[in-house]
């Protein structure tokens, strides 16, 4: 650790968190070049000038059950970071998403007297609202990215600020559908269906076959349909399981090119709103994880586009309802009926307007700078 320099410690445990943390780190470097930045993340955080203490790719897990096998690695990292927090050089801990690990680390920071800025806070509005009391004890400031989170956290004693969704920074100059298709080598005319089965291998295993079967069914009903699969940089898909072209050019580009999309539940559904792409949402997890979630989740919808809208904008198919025939029936009007397409685009535009303004990275960095003594 550099002698005499104050340090800001970042912890982002997944690919999306790494990307968002990197934006904040770059802006903080600009505002406070004298600070040393270190942390847990991936290639984006490292490229932003942060000394990597641990590669987040080793830590990325999901689900209630799946995380258990990673417990030893998490505890070993927690011990390392606890020692760093107690070393006296860390002026601020910046946590990005990854709540299972980061809430424990926030408690360690509080015991060490280190202030905590939490960017992209735990989704307490979805399940276990009793966590709000603990969050109020260990979080110094929260920078939230969904519009309803600020009031919820403030009502429970947490100093929260809605900073806007960081995705909007990537969406300030979106191409037209024609430009996006040209860039992806897709025909200008005709219908394009985009498949987003997930960004983790567990999601690919549980979604890909049904997503492909849905597309195959639609190919028999929609003349000239082109199907393209989004390939996240963190996964590999066996071409034998997927007869369609796979692209890793970025979600927003493919969503701009598509007529409609079948999306795994998650941030991609908000990206579809930003891109104005009609969509259907699907999600399947392990049976054990689903049974636990069914008992603790407190909201009626899981697709973020529907959560933000507080109503069903896109049809959802969850667990046993993930059936190709039903999903194809929901997608067909979005591919073929101009009226259905336009009605959904109007609703998606409303969702986009609720996500705030671009510049979340700058706003979070300014908050962080103000917290460093």
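Values quoted throughout were computed directly from the atomic coordinates according to the rules given, and no laboratory measurement underlies them. Everything numeric in this text was worked out from a predicted model, so none of it was measured. Every residue, glycine among them, receives a Cβ derived from its backbone with ideal geometry; neighbour counts consider all protein chains shown.
The label point for residue 323 and the one for residue 373, both projected 7 Å from the Cα toward the Cβ, are 6.2 nm apart.
Modelled label positions at residue 43 and residue 353, each set 7 Å beyond Cα in the direction of Cβ, lie 3.9 nm from each other. The Rg/Rh ratio of segment 156-269, with both radii computed over alpha carbons and Rh defined as the Kirkwood radius, is 1.04.
The angle between the Cα long axis of helix 99-112 and the main principal axis of the chain comes to about 10°, on a 0 to 90 degree scale.
If we sort 347-359, 239-251 on the protection proxy, mean other Cβ atoms within 10 Å, highest first, what's the order?
Highest to lowest by the protection proxy: 347-359, 239-251.
What is the helix-to-structure angle for 338-354, meaning the angle in degrees between its Cα long axis and the longest Cα principal axis of the chain, kept from 0 to 90 and rounded to the nearest 10? It is inclined by approximately 10 degrees. In terms of the mean number of neighbouring beta-carbon atoms within 10 Å, the peptides 16-26, 156-166 order highest first as 16-26, 156-166. In the chain, the DSSP-assigned H stretches of four residues or longer account for a calculated mean residue ellipticity at 222 nm of -14000 deg cm²/dmol, using -39500 (n - 2.57) per stretch and the full residue count as denominator. Taking the Cα atoms only, what angle lies between the long axis of helix 71-85 and the longest principal axis of the chain, rounded to 10 degrees? The angle comes out near 40 degrees.
Grab the Cα-Cα distance for residue 136 and residue 209, subtract it from 0.36 nm times how many residues apart they are, and report the gain in nm with one decimal. Before the final figure, lay out each step's value.
On the way: separation 73, 0.36 × 73 = 26.28 nm, distance 4.27 nm.
22.0 nm is the gain from fully extending residue 136 to residue 209.
Segment 150-211 and segment 315-373 have Cα centres lying 7 Å from one another.
Calculate, for residue 338 and residue 236, the FRET efficiency according to 1/(1 + (r/R0)^6) with r their C-beta to C-beta distance and R0 51 Å; round to the nearest 0.05.
Values: r = 37 Å, r/R0 = 0.73.
Calculated value: 0.85.
Projecting label points 7 angstrom from Cα along Cα→Cβ for residue 155 and residue 312 puts them 2.5 nm apart. With contacts taken as Cα pairs under 8 Å and at least 6 residues apart, the chain reaches a relative contact order of 17 percent. Counting pairwise Cα distances across the chain, what percent come out greater than 40 angstrom? Tail fraction, whole percent: 15. If you split all Cα-Cα distances of segment 173-354 into 10 Å bins from zero, what percentages do you get per bin, shortest first? Reading the bins upward from 0: 10, 40, 38, 11, 1.
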